[in-house]
Structure formats: structure tokens, C-alpha cells
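S.K.: Structure below; questions to follow.
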Amino acid sequence: GNEVEQAFSPLANYQDKLFCAFYDRILGKQKEDELLYKRIGRVRLVKMSQIFLQFVLLVMIGVCVSQAFPGNEEDDGSEWSWMTSFYWSIQTTTTIGYGDLDMSFEMRWFQIFYLTVSTYFVGDCFGKLGSLKEEILEIRRQYAWGRRKCTKALINDMQADVHDEKVDQYEFLVGSLLSLGKLTSDDVAPIMAKFRELSGNGGFITYQDIDEGDKLEDDHIESSYLGET
């Protein structure tokens with residue numbers, strides 16, 4: 001159960017793992033029997049923390065850099081205050097950009113770069129929020145799959161075309177991937193159709209299924225790999 005959840009976890013990239021390690025220290029490591037709502041809450045916490053930290057870092061960079069540039073003037077001719085820099089950084093980071101502040105020519109060069117990064121940040125935030133729903137659904141699937149027992153319902157769900165009241169490891173593998181949302185029936189159908197084409201509906205692909213022409217071609221290819229003439 002826990003190994004599969006870790007392998008298929010939506011919190012799989014480097015940034016996610018850093019935040020997970022941080023919250024593991026604060027909240028304790030996720031237990032195998034942890035309740036579903038706590039798992040979902042942990043994912044929400046990780047994603048929202050990423051967005052918040054990225055926003056704060058980007059704003060602070062804007063505030064510090066804008067303070068370093070001389071020539072950014074208020075309406076009364078004085079240099080930008082920290083509050084004005086903060087105001088400019090917030091509106092630029094969120095790509096609102098009122099354009100109501102005077103700045104030096106050099107500062108405009110930085111603003112071009114800063115706006116580009118800010119636009120990427122906003123897109124990344126919307127992407128994280130948009131994927132959160134699918135990630136929560138994935139956790140629900142993993143939670144349900146990990147708690148399945150050996151029942152008639154499981155056997156009926158996992159059986160392939162031949163209903164022999166048995167499930168082998170390959171049927172279990174494909175059935176589990178379908179349950180976890182890693183495969184769809186549309187993905188499996190053409191593969192099984194190809195298998196039936198090659199096996200002749202015999203259930204296995206054997207040497208007897210090889211056409212004579214294909215066998216000669218295969219022998220020729222193998223000989224060429226071995227350097228034989």
C-alpha cells in the first residue's frame with residue numbers, strides 16, 4: 001500500500017519533496033493508515049505553501065532591487081519609500097501594473113525582466129491550482145485501491161476476457177493500473193487486439209504462431225546482427 005502511494009504520489013517533483021520533508025518534520029511522517037481527509041489536507045498545504053513562498057520571494061526581490069536603483073521618485077520628488085517599493089512589487093508580481101509610478105530609465109530595464117518572471121509565476125500558480133483537483137482525485141483512487149481486500153467484486157473487476165474465477169499477476173497489474181487511473185480502457189484495447197492478432201486467440205504467443213516467411217526474415221535479421229553472411 002504505502003510503496004504504491006509513494007511511487008504514484010502527485011507530490012513527486014523536487015520542489016514537492018522539499019516541502020513534504022519540511023512538513024514531515026513539523027506534522028510527522030504520513031502514516032500508512034492515515035485518514036483520507038488528512039492526506040488531502042497535506043497535499044493542499046504543500047501546494048498552497050509553494051505558491052505563497054514563491055510569491056513572497058518574488059515580492060521581496062522586487063522590493064530590494066527597486067530600493068537599490070536611484071532615481072525612482074515619489075510625487076513630491078523624494079526617493080521611493082519601502083512602502084512604495086512594496087506597492088510596486090505587489091502590482092507587478094500580480095501583473096496588474098497600474099503604471100502610476102515614476103521610475104528611472106535603469107529601473108525600466110529591470111522591470112522588463114521582472115514582468116517576464118512575474119507572468120511565468122502567475123501562470124505557474126494557476127497551473128498548480130488547476131492540477132490540485134486531479135491530484136486530490138488521484139489520492140482518492142490510491143486510498144481506495146490500497147484498502148481493497150480479496151473479494152468476489154475484486155476478482156470480477158480484475159478478470160480479463162476469460163472469466164475463470166481467477167486473477168493472475170498480469171490481470172492484477174492491468175486491473176490495478178486501470179483502477180489507479182494510470183491506464184484507460186482505450187489504452188488497453190489496441191494492445192489486447194494486437195495480442196489476439198498475434199496469438200490467434202489461443203491465449204499465448206508461441207513458436208507455432210510464427211509464419212514461415214516471418215521466420216526466414218527473422219533468421220536473416222539475426223544473422224546480420226551476428227555478422228554472418
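The values are calculated or read from the model by the stated rules, or taken from the named source; none is laboratory data. All values derive from a computational prediction rather than experimental measurement. Quick reminder, even Gly has a Cβ in these numbers, built from the backbone with ideal geometry, and neighbours come from all protein chains shown. Remember, those area values only see protein heavy atoms, side chains included, never the ligands or the DNA or RNA. Shrake-Rupley method; radii C 1.70, N 1.55, O 1.52, S 1.80 Å.
S.K.: Please list 3J(HN,Hα) in residue order for the stretch 38-43, calculated via the Karplus relation 6.51 cos²θ - 1.76 cosθ + 1.60 where θ = phi - 60°; whole Hz, with x for glycine and proline.
M.R.: Along the stretch 38-43, the couplings run 6, 5, 5, x, 5, 5 Hz.
S.K.: What distance in nm separates the two pseudo spin-label positions at Ala160 and Phe113, each 7 Å out from Cα along the beta-carbon direction?
M.R.: 5.9
S.K.: Counting only heavy atoms of protein chains, what accessible area per residue, in Å², does the stretch 60-153 have with a probe of 1.4 Å? Walk me through the intermediate numbers first.
M.R.: Numbers: 5950 Å² over 94 residues.
Roughly 63 Å² per residue, with all protein chains present.
S.K.: While we're here: Bin all alpha-carbon pair distances of the stretch 56-158 at 5 Å intervals from 0 and give each bin's fraction as a whole percent.
M.R.: With a bin width of 5 Å, the distribution comes to 2, 11, 17, 16, 9, 7, 6, 5, 5, 5, 5, 4, 3, 3, 2, 1, 0.
S.K.: Report, in listed order, any pair from Lys31/Lys133; Lys38/Lys133; Lys17/Lys128; Lys47/Lys133; Lys133/Lys182; Lys17/Lys38 with a Cα-Cα distance greater than 20 Å.
M.R.: Going by Cα-Cα distance, Lys31/Lys133 fall outside the 20 Å limit.
S.K.: Also, quick follow-up: If the viscosity is 1.306 mPa s and the temperature 10 °C, what Stokes-Einstein diffusion coefficient in µm²/s follows for the stretch 123-206 when Rh is the Kirkwood radius over Cα pairs?
M.R.: Stokes-Einstein gives a translational diffusion coefficient of 105 µm²/s.
S.K.: Work out how much length Leu183 to Ile205 would gain on full extension: take 0.36 nm times their residue separation and subtract the Cα-Cα distance, in nm to one decimal.
M.R.: Taking Leu183 through Ile205 to full extension adds about 5.6 nm, to one decimal.
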